[in-house]
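Report on the following structure.
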Amino acid sequence: MKRCIAAFAVLALSIGFLPASRAQSGGMARDKDHGVQNSQASAHKASGTVTKIDPASSKVTIAHGPVQSLKWPPMTMNFVVKDRALLGKLSAGKKIEFEFVQQGRDYVIVSAK
């Protein structure tokens, strides 16, 4: 019975410390088996083709190739554009090379050419 109580206490304390450890890492730390790194720390490079631009929300949809730093396969996804002036340089069908960072749940393009 004492072992059961001790095990329960250890489990309860472990669960209590879990949110604090996730807060320190920003909740973004992932293990290498899932192929995702802490992406808030660095910019990632990719190339792709712009498929859609939404100036009202400062978003652009890009069909991009693999992103080696994140171990992502090719896919089409939305990105937020950090500098709205960049939207004027983009058009549907245009091939670009770009750098992006993760900010919260958004992937934000910080440069493109």
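Take the residues in segment 58-67 that are out of contact with any Ser or Thr (no Cβ under 9 Å at 6 or more places or on another chain) and under 15 Å from VAL108 (Cβ atoms); name whichever of them is surrounded by the most Cβ atoms within 10 Å (Cβ to Cβ).
Here the answer is VAL67.
Filter segment 68-108 for residues that are polar (S, T, N, Q) and not in a strand (DSSP E or B); which is surrounded by the most Cβ atoms within 10 Å (Cβ to Cβ)?
Ranking the qualifying residues of segment 68-108, first place goes to SER69.
May I ask you to verify whether PHE100 is within 14 Å of ILE53 (Cα to Cα) and either among the aliphatic types (A, V, I, L, M) or under 12 Å from the mean Cα position of the chain (by Cα) (or both)?
So PHE100 fails the test.
Cβ-Cβ under 6 Å, sequence separation 6+ or interchain: first residue in segment 44-67 and more than 14 Å from VAL81 (Cα to Cα), partner surrounded by 14 or more Cβ atoms within 10 Å (Cβ to Cβ) and of a type in the set (D, E, K, R). Which pairs?
Hits for this filter: LYS45/GLU99.
Taken together, the values in this text are just the output of simple stated rules run on the coordinates, not laboratory data. Bear in mind that the values here come from a model prediction, so they are computed numbers and not experimental data. Glycine gets a Cβ as well: all are built from the backbone with ideal geometry, and neighbour counts include every protein chain shown.
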